[in-house]
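Let me begin by presenting the structure, written as structure tokens, before commenting on it.
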Amino acid sequence: MRYCDSGDNVFFYGNRKVWCFYCIFSTSLTIMITPEETLLLLIDVQGKLAESVVHPEALASNISKLLRGCTTLGVPVLVTEQYPKGLGHTLEALMELLPGNIPVEKKTFSCCGTPQFMRQLRSYNRNDILVAGIETHVCVYQTSVELIEFGYNVHLVTDAVSSRIEGNKLLGIRCIEKAGASLTSTEMALFELLRVAEGERFKAISKIAKE
């Protein structure tokens, strides 16, 4: 949620200067994501934990679509792993889609509590963060809230997050939205990033979406 300066009806959304002629009568404003301003954050999709969440196959499938779509559209991907010595590494099928990508190891539930993560995140200079991963009510929730507190625009990909219990997943989504995040889905995010129905990228994204 962002508000304008009542003096000149201008405010900043991330690094973007937005002119607002009516927001004194409104409480929120949504701005669509672009490949130039967006980063995909994949949180802790690891080992047996990834197999124990609600609808694990659908989760892996949607994350795979996100990874391939973001690669096609030039959106960088940042991956984290929670204590990999104990929980294992990110699913091999997903990491195969990210050659050369080295996950950030952490022990804090919020990614933002790990200095290495914050250094890498800031190095990308992206303000819109697509968030996917597990578990929704723990690491995904805490990371999303702190990203918002740091001034990032969080876009939670609701069909690419999960928890071991459905109720916790739904609660996590609700609390993340209440904290100020926007909700999206895998297909919604990819077509929002794409924006136009033409060219090779459109063909590639359409093929991914239809799987």
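Every number in this text was worked out from the coordinates using simple rules, so none of it is lab data. Just so you know, these numbers come straight off a predicted model, no measurement behind them. Quick reminder, even Gly has a Cβ in these numbers, built from the backbone with ideal geometry, and neighbours come from all protein chains shown.
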**Study point:** Listed residues 136, 71, 90, most fluctuating in the chain (Gaussian network, C-alpha, under 10 Å)
**Key:** 71
Check your understanding: Of 154, 140, 54, which has the largest mean-square fluctuation in a 10 Å C-alpha GNM of the chain?
Key -> 54
Review point. If you count the DSSP beta bridges with both ends in the chain, what percent of them are antiparallel, to the nearest 5?
Key: 20
Practice item. Could you check which residue among 101, 62, 127 shows the biggest mean-square fluctuation in a GNM of the chain with a 10 Å Cα cutoff? Key: 101
Exercise for review: Taking every pair of alpha-carbon atoms in the chain, give the share separated by more than 20 Å as a whole percent.
Suggested key: 57
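Mind listing which GluC sites (Glu not before Pro) in region 76-174 are in a DSSP loop and have 15 or fewer other Cβ atoms within 10 Å? Numbers along the way, then the final one.
Numbers: sites: 81, 92, 96, 105, 135, 146, 149, 166; in loops: 96, 135.
Loop-located and lightly packed - 96.
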Exercise for review: Return the lysines within reach of residue 210: Cα separation strictly under 17 angstrom, same-chain partners fewer than 8 residues apart disregarded; answer none if there are no such residues.
Suggested key: 65
Point to revise | Neighbour-count order for 83, 152, fewest beta carbons within 10 angstrom listed first | key: 83, 152
Study note, to complete from the structure: Restricting to aspartates and glutamates and to Cα separations under 15 Å from residue 107, and discarding same-chain partners fewer than 8 apart, the set is 44, 81, 135
**Study point:** Approximate spin-label separation residue 31-residue 108, in nm, with each point projected 7 Å along Cα-to-Cβ
**Key:** 2.6
